[in-house]
Amino acid sequence: MGISIANAALRLVSGAFILNSGINKLRLDEASSAGLQQMAANGIPPLAEIEPATFGKMLSIGEISLGSALLLPIIPSKLAGLGLGVFSGSLLAAYLRTPGMTESDGIRPTQDGTALAKDVWLAGIAVALIFSRKSSKKAKKNK
């Protein structure tokens, strides 16, 4: 089981970013957890029913797990990409459904929405990981 240099680069960049974010969230106070929860619940309404402190811990553990999965080469790229796809889809849903994040067209970010809209790069990486093909040398060997 090999990993291409392109996939390694995509996984390293996104994995390190998400892992760092998760580690930083280990120290979230309740007010910060509640703010993140409110934003997340715009995209996934059932999240509003969780206690804010519990949500903060779950988010931290989820980000640490996903970041680690992306960084560990023993996890297949397609599987890591699926996890990243779910995560980035959730971020984009929160962005699109939170009032004040988009311009009147519903897509372009406002000044406040830019911080979330930029996470579209994670969705692009997820698509690249999910649909990447084996290198031509490996494909020829497997025939």
Estimated distance in nm for a label pair at residue 130 and residue 115, the labels positioned 7 Å out from Cα along Cα-to-Cβ: 2.8 nm
Accessible surface, per residue, of region 1-123 when the full set of protein chains is kept, probe 1.4 Å, Å²: 56 Å²
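What FRET efficiency, computed as 1/(1 + (r/R0)^6) with R0 = 30 Å and r the Cβ-Cβ distance, is obtained for residue 103 and residue 72, rounded to the nearest 0.05?
E between residue 103 and residue 72, to the nearest 0.05, is 0.15.
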Can you show me the helix-derived [θ] at 222 nm for the chain, built from DSSP H runs with n ≥ 4 at -39,500 (n - 2.57) apiece and divided by the number of residues, rounded to the nearest 500. -22000 deg cm²/dmol
Take each uninterrupted DSSP H stretch in the chain, measure its Cα extent along the helix axis, and return the ones at 18 Å or beyond whose mean Kyte-Doolittle hydropathy is at least -0.5. 5-24, 30-43, 52-71, 77-97
Solvent-accessible area, 1.4 Å probe, carbon plus sulfur percent, for region 75-126: 68 percent
How big is region 1-42 by Rg and Dmax over its Cα atoms, in Å? 15.1, 44
What are the semi-axes of the equivalent ellipsoid for region 53-105, taken as the square roots of 5 times the Cα gyration tensor eigenvalues, largest first, in whole Å? 26, 16, 6
Which of 132, 55, 84 sits farthest toward the positive end of the charge dipole of the chain, with +1 on the Cβ of Lys and Arg and -1 on the Cβ of Asp and Glu? 132
Just subtract the alpha-carbon distance of residue 82 and residue 4 from 0.36 nm times their residue separation and send over the number in nm, one decimal. 26.3 nm
If I model the chain as equal point scatterers sitting on the Cα atoms and use the Debye formula, what is log10 I(q)/I(0) at q = 0.11 Å⁻¹? -0.46
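The values are calculated or read from the model by the stated rules, or taken from the named source; none is laboratory data. What you see is a predicted model, and the numbers here were worked out from it, not measured in a lab. Ideal geometry is used to build each Cβ from the backbone, glycine not excepted, and the neighbour counts take in all protein chains shown. We work out accessible area using only protein heavy atoms, side chains counted, and drop any ligands, DNA or RNA first. Shrake-Rupley method; radii C 1.70, N 1.55, O 1.52, S 1.80 Å.
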